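Notes follow the structure.
The values are calculated or read from the model by the stated rules, or taken from the named source; none is laboratory data. As the structure is a computational prediction, the values presented were derived from the model and not from experiment. Cβ sites come from the backbone with ideal geometry, for glycine too, and all protein chains shown count toward neighbours.
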Amino acid sequence: MFVLLMAFLAAQRLLELVLAERNRRWAIEQGGKESGRRHYPLIVGMHVCFYLSLVLEHAYVSPGWKSLWPLWLGIFLMAQALRVWAILSLGRRWNTRIIVIPGLKPVARGPYRYIRHPNYVAIAVELIAIPMMCGAYRTAALFSALNALLLRIRIREEEKALERAAGADLGRIPRFLPSLRG
């Protein structure tokens, strides 16, 4: 089952990279400006190391799939749904990089109506759910912490870029959890 999970994740990530590159070229043609180039390799490296750690911990340390794996699979699938919704809502503007087209307002449809960073929420949940599913508890803890540190940098950079390029006021939309207020 672990091999199937890893094959699915590898195929999904490769498709996302192809889509991101196509969208990157389009955004640059539209006058898009990239921000955050300095931290982008750190994010890529963290994700590559996550999968390596997952494989190694599963092979050499993990007690294996525990009885709660269906719960973690359900949480993972909900994160997947949020990730797909976020990507579809951004359309050609979705990317793994921070590329903002001057003058375009931030997307305010789909999950972006409720929170500023649904894709980052989905990734954070995945970084916990995937390893927990297969008993890689150290990987879940380590990479959740690393992701939180990198997201502090990334989100600050992304929001500055959006505010500069579009004059967007992002303060009215919560970052990660929808507001319970009307």
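A few remarks follow.
- Selection count, region 151-169, where residues are buried (at least 16 other Cβ atoms within 10 Å of the Cβ), part of a helix (DSSP H, G or I) and either in contact with a helix residue (DSSP H, G or I) (Cβ under 8 Å, 6 or more places away or on another chain) or at pLDDT below 70 (or both): 6
- The set of residues in region 43-87 that are of a type in the set (Gly, Ala, Ser) and either outside any helix (DSSP H, G or I) or free of Cβ contacts under 8 Å to residues at least 40 places away in the same chain (or both) comprises GLY45, ALA59, SER62, GLY64, SER67, GLY74, ALA81, ALA86.
- GLY32 passes every criterion in (1) of a type outside the set (S, T, N, Q); (2) in contact (Cβ under 8 Å) with a residue 40 or more places away in the chain; (3) closer than 24 Å to MET132 by Cβ apart from (3).
- The criterion of being closer than 20 Å to GLU159 by Cα, basic (Lys, Arg) and buried (at least 16 other Cβ atoms within 10 Å of the Cβ) holds for ARG24.
- Test set (1) under 30 Å from LEU162 (Cβ atoms); (2) at pLDDT below 95 - LYS66 fails condition number: (1)
- Test: residue in region 85-107 that is more than 29 Å from GLY32 (Cα to Cα), surrounded by 16 or more Cβ atoms within 10 Å (Cβ to Cβ) and touching a helix residue (DSSP H, G or I) at 6+ places or on another chain (Cβ under 6 Å): no
- Residue count, region 108-122 (criterion: surrounded by 15 or more Cβ atoms within 10 Å (Cβ to Cβ) and among the hydroxyl-bearing types (Ser, Thr, Tyr)): 2
- Put simply, of ARG13, ARG37, ARG24 the only residue that is under 26 Å from GLY103 (Cα atoms) and in a helix (DSSP H, G or I) is ARG24.
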